[in-house]
Amino acid sequence: MTPQNPSAPRRANRRDFLKASAAGAAALGGLSLARSAHAAGTGTIKIGMVGCGGRCSGAASQAMQAGPDVKLVAMCDLFDGRLRAGLAALKKERGDQVAVDDAHSFVGFDGYQKVIDSADVVLIACASKFHPMYAEAAIKAGKHVFVEKPHAIDPVGARRMDAVCELAKQKNLSILSGLQSRFDNGWQETVKRIHDGIMGNVVAMQSMFLRGPYRLVERDPKLTEIQYQFSNWYHFRWLSGDDVPQSLVHNVDRMSWIMKEEMPAWAFGLAGRSASFGDVYGDMFDHHTAVYEYKSGARLYALCRTEVGCYDNSGDVIMGTKGQCDLLKCEIRGETNWKFEGQRNDPYVAEQKALIDSVRDGKPINSGYHMVNSTRIGILGQIACYTGKDTTWEAARDAELSYGPAPEASNFEIEPPTKPGPDGNYPLLMPGVTKLL
């Protein structure tokens with residue numbers, strides 16, 4: 001298999017972006033865009049979906065649970081069949097709260113802008129490559145945003161999303177992360193105990209996202225190669241970023257929370273593909289281990305795998321000088337024993353309620369304090385796994401690295417960034433050979 005080198009477009013100028021955006025906000029005469037998008041406490045809150053897969057459909061359903069005044073008014077997807085299936089499922093579940101007519105059912109690469117124009121709150125959950133671009137467009141348009149993880153797939157995209165979060169603050173708009181763990185009341189209480197010192201100093205953490213392959217989409221012979229890659233986007237690096245930022249990001253976000261948002265100093269990784277072959281698996285690895293070290297000497301051992309018939313676990317174990325925590329169980333054992341005994345909530349519902357409440361009350365919430373850096377930890381680990389090299393936080397954060405063409409240049413007419421070989425498998429990056437930074 002031959003290595004692939006990604007393109008590296010010019011680094012986005014964050015200062016110019018914010019300066020121009022701030023000027024646009026000032027032109028509104030100081031009007032709070034949180035209130036111009038939706039008058040707090042009055043009328044209907046109109047939500048729109050960018051992407052009609054399971055995650056965006058779930059977010060829309062959960063947002064509508066926040067009250068009958070929340071209406072779904074617009075949807076878009078690159079594939080008409082997926083849009084129709086998502087719309088039918090949501091109508092069955094939420095009834096007349098789903099008010100999407102044919103004129104607001106958009107198919108194509110320009111659909112995201114039409115959804116933005118139609119809604120007060122934009123829910124974004126699609127091919128992760130596009131998350132920064134779509135969130136930027138929505139915030140610039142004065143709309144509140146929910147954006148699914150990961151919030152970027154490469155360093156260039158992460159810097160763009162960082163600027164979007166700052167712009168949302170300037171414009172008094174909400175931007176909510178799909179990293180829902182922080183809305184789990186059991187984890188909130190557990191992390192509070194850790195921060196209060198019940199376990200002493202954290203010395204090591206083991207995070208796992210071990211499960212079978214995620215949503216494999218078989219090739220439809222009616223689709224071109226590039227259309228197929230978009231339909232099966234999760235399994236192509238240039239669209240999803242691979243499994244560390246795509247899935248393990250939930251775990252590393254919880255560990256960042258526990259570490260009080262301290263970022264690791266460097267990382268190394270071991271990864272590859274051993275059991276998942278055929279075009280349906282795209283060009284992603286099927287197992288990763290990323291090891292991160294913090295300035296204190298504490299280490300995070302983060303593992304993810306997408307293989308059939310293997311041990312599954314999505315938990316986290318935190319080890320301290322005075323005890324050990326099983327975060328999944330909300331349980332601490334050591335010098336002091338403690339266990340959360342309350343009724344666990346649904347963090348997916350809780351986060352959407354927080355978003356809708358912020359719109360109703362005119363009090364924006366902003367996940368920028370954690371969402372981009374947690375994504376960056378995933379990107380750091382992925383780079384370390386792809387290259388096989390020890391990689392510093394600064395090197396990964398500041399790299400001019402982006403996978404494939406820019407999102408604005410990505411469509412069904414481009415040359416596929418990767419193509420299958422004669423055996424049906426796509427070429428993989430090669431640790432120890434591939435150079436990314």
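The values are calculated or read from the model by the stated rules, or taken from the named source; none is laboratory data. Every value quoted in this text rests on a predicted model; they were computed, and no experiment measured them. Quick reminder, even Gly has a Cβ in these numbers, built from the backbone with ideal geometry, and neighbours come from all protein chains shown.
Key figures
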quantity: Exclusive hit being in the same structural domain as ASP243 (by TED's automatic domain parsing) and not aromatic (Phe, Trp, Tyr), set ALA354, ALA384; calculated: ALA384
quantity: Residue under evaluation PRO364, criteria (1) out of contact with any Asp or Glu (no Cβ under 7 Å at 6 or more places or on another chain); (2) assigned to a loop (DSSP other than H, G, I, E, B); (3) over 25 Å from GLY178 (Cα atoms), criterion not met; calculated: (3)
quantity: Residue check for PHE130: within 22 Å of the chain's Cα centre (by Cα) and either under 23 Å from ASN373 (Cβ atoms) or modelled with pLDDT of 95 or more (or both); calculated: yes
quantity: Answer from PRO416, PRO420, PRO431, PRO405 - the residue that is under 27 Å from ASP162 (Cβ atoms) and not assigned by TED's automatic domain parsing to the domain that holds LYS169; calculated: PRO405
quantity: Close pairs (6 angstrom Cβ cut-off, 6 or more residues apart or separate chains): under 16 Å from ILE175 (Cα atoms) and without any contact (Cβ under 8 Å) to a residue 60 or more places away in the chain in region 339-355, among the hydroxyl-bearing types (Ser, Thr, Tyr) and surrounded by 19 or more Cβ atoms within 10 Å (Cβ to Cβ) anywhere; calculated: none
quantity: Residue that is in contact with a Pro (Cβ under 7 Å, 6 or more places away or on another chain) and outside any loop (DSSP other than H, G, I, E, B), where the choices are ILE383, ILE377, ILE414; calculated: ILE377
quantity: Residue in region 186-196 that is in contact (Cβ under 8 Å) with a residue 24 or more places away in the chain, out of contact with any Ser or Thr (no Cβ under 7 Å at 6 or more places or on another chain), part of a loop (DSSP other than H, G, I, E, B) and exposed (fewer than 15 other Cβ atoms within 10 Å of the Cβ) present; calculated: no
quantity: Some residue of region 376-387 being touching a residue at least 12 places away in the same chain (Cβ under 8 Å) and either over 21 Å from the mean Cα position of the chain (by Cα) or under 30 Å from ASP69 (Cβ atoms) (or both); calculated: yes
quantity: Residue satisfying all of: in region 277-294; in contact with a helix residue (DSSP H, G or I) (Cβ under 9 Å, 6 or more places away or on another chain) and either under 24 Å from ASP220 (Cα atoms) or not assigned by TED's automatic domain parsing to the domain that holds THR392 (or both); surrounded by the fewest Cβ atoms within 10 Å (Cβ to Cβ) among these; calculated: VAL280
quantity: Test: residue in region 338-356 that is part of a helix (DSSP H, G or I) and within 18 Å of MET259 (Cα to Cα); calculated: no
quantity: Residues satisfying the stated conditions in region 46-90, i.e. of a type in the set (Gly, Ala, Ser), part of a helix (DSSP H, G or I), in contact (Cβ under 8 Å) with a residue 12 or more places away in the chain and more than 25 Å from ILE226 (Cβ to Cβ); calculated: GLY58, ALA59, ALA60, SER61, ALA63, ALA89
quantity: Qualifying residue in region 295-307 (condition: in contact with a Gly (Cβ under 8 Å, 6 or more places away or on another chain) and either outside the structural domain of ILE383 (by TED's automatic domain parsing) or assigned to a loop (DSSP other than H, G, I, E, B) (or both)); calculated: yes
